[in-house]
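Read through the structure below, which is laid out as structure tokens, and then see the notes.
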Amino acid sequence: MHPNAALLHRFYEGFQRRDAEAMAACYAPEVVFTDPAFGELRGARAGNMWRMLTGRAADLVVTFRDVEADERAGRAHWEATYTFSATGRKVHNVIDATFAFEGGLVARHADVFDFWRWSRMALGPAGLLLGWTPILSNKVRAQANRGLDAFERGLREQA
């Protein structure tokens, strides 16, 4: 197995254990992460997103497969089943991830999923009606980042 494929296995195995420290250790200090829910996150903020999500996840189940990587790039398919805390609705999200590596760490990580599908599960009727629009995706992104801001404030206060 290529060392970068092993790195991705460590990342997702950490995710399965809800071990955000193991996940963040796979990232380069200036990592750039993107997904439909948070938009673009850079550096420590990407690791803090995983800390927040794994710390709040009471019933998170993560599976992954199709991990491939070489010296420069990689990809994986992963799925998460959990209860969306804002609505109490069950979600089964299906994600394809791509990665770029530098110095044996993840330098870029992009998760792609069907936002409309996710919003229908997570938000119910509002997601069904508006999940395909930029209005709802922008609202979800703003709310996710406000939650991450509050989480990071809490980390600074604890330090």
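The values are calculated or read from the model by the stated rules, or taken from the named source; none is laboratory data. Keep in mind it's a predicted model, so treat the numbers as computed, not measured. When we count neighbours, we look across all protein chains shown, and the Cβ atoms used for this are built from the backbone with ideal geometry, even at glycine.
The set of residues from the range 1-47 being of a type in the set (D, E, K, R), surrounded by 15 or more Cβ atoms within 10 Å (Cβ to Cβ) and in contact (Cβ under 8 Å) with a residue 40 or more places away in the chain comprises 18, 35, 45.
Take the residues in the range 109-145 that are charged (D, E, K, R) and surrounded by 17 or more Cβ atoms within 10 Å (Cβ to Cβ), then tell me which one is farthest from the chain's Cα centre (by Cα). Across the range 109-145, the extreme among qualifying residues is 120. What's the number of the only condition in (1) in contact with a strand residue (DSSP E or B) (Cβ under 6 Å, 6 or more places away or on another chain); (2) within 18 Å of residue 136 (Cβ to Cβ) that residue 75 fails to meet? Residue 75 satisfies every listed condition except (2). Evaluate the following for residue 65: is it touching a residue at least 24 places away in the same chain (Cβ under 8 Å), outside any helix (DSSP H, G or I) and farther than 24 Å from residue 140 by Cβ? No: the conditions fail for residue 65.
Only one of the numbered conditions (1) under 23 Å from residue 85 (Cβ atoms); (2) part of a loop (DSSP other than H, G, I, E, B) is not met by residue 51, and that is (2). Does residue 86 qualify as being without any contact (Cβ under 8 Å) to a residue 60 or more places away in the chain, out of contact with any helix residue (DSSP H, G or I) (no Cβ under 8 Å at 6 or more places or on another chain), surrounded by fewer than 14 Cβ atoms within 10 Å (Cβ to Cβ) and of a type outside the set (Asp, Glu)? So residue 86 does not fit the description; no. Of the numbered criteria (1) over 23 Å from residue 149 (Cα atoms); (2) modelled with pLDDT under 95; (3) in a strand (DSSP E or B), the one residue 83 fails is (1). If I ask for residues that are under 26 Å from residue 140 (Cα atoms) and in a strand (DSSP E or B), which ones from the range 2-40 would you list? If the condition is that a residue be under 26 Å from residue 140 (Cα atoms) and in a strand (DSSP E or B), then 27, 30, 31, 32, 33, 34, 35, 39, 40 are the ones that fit.
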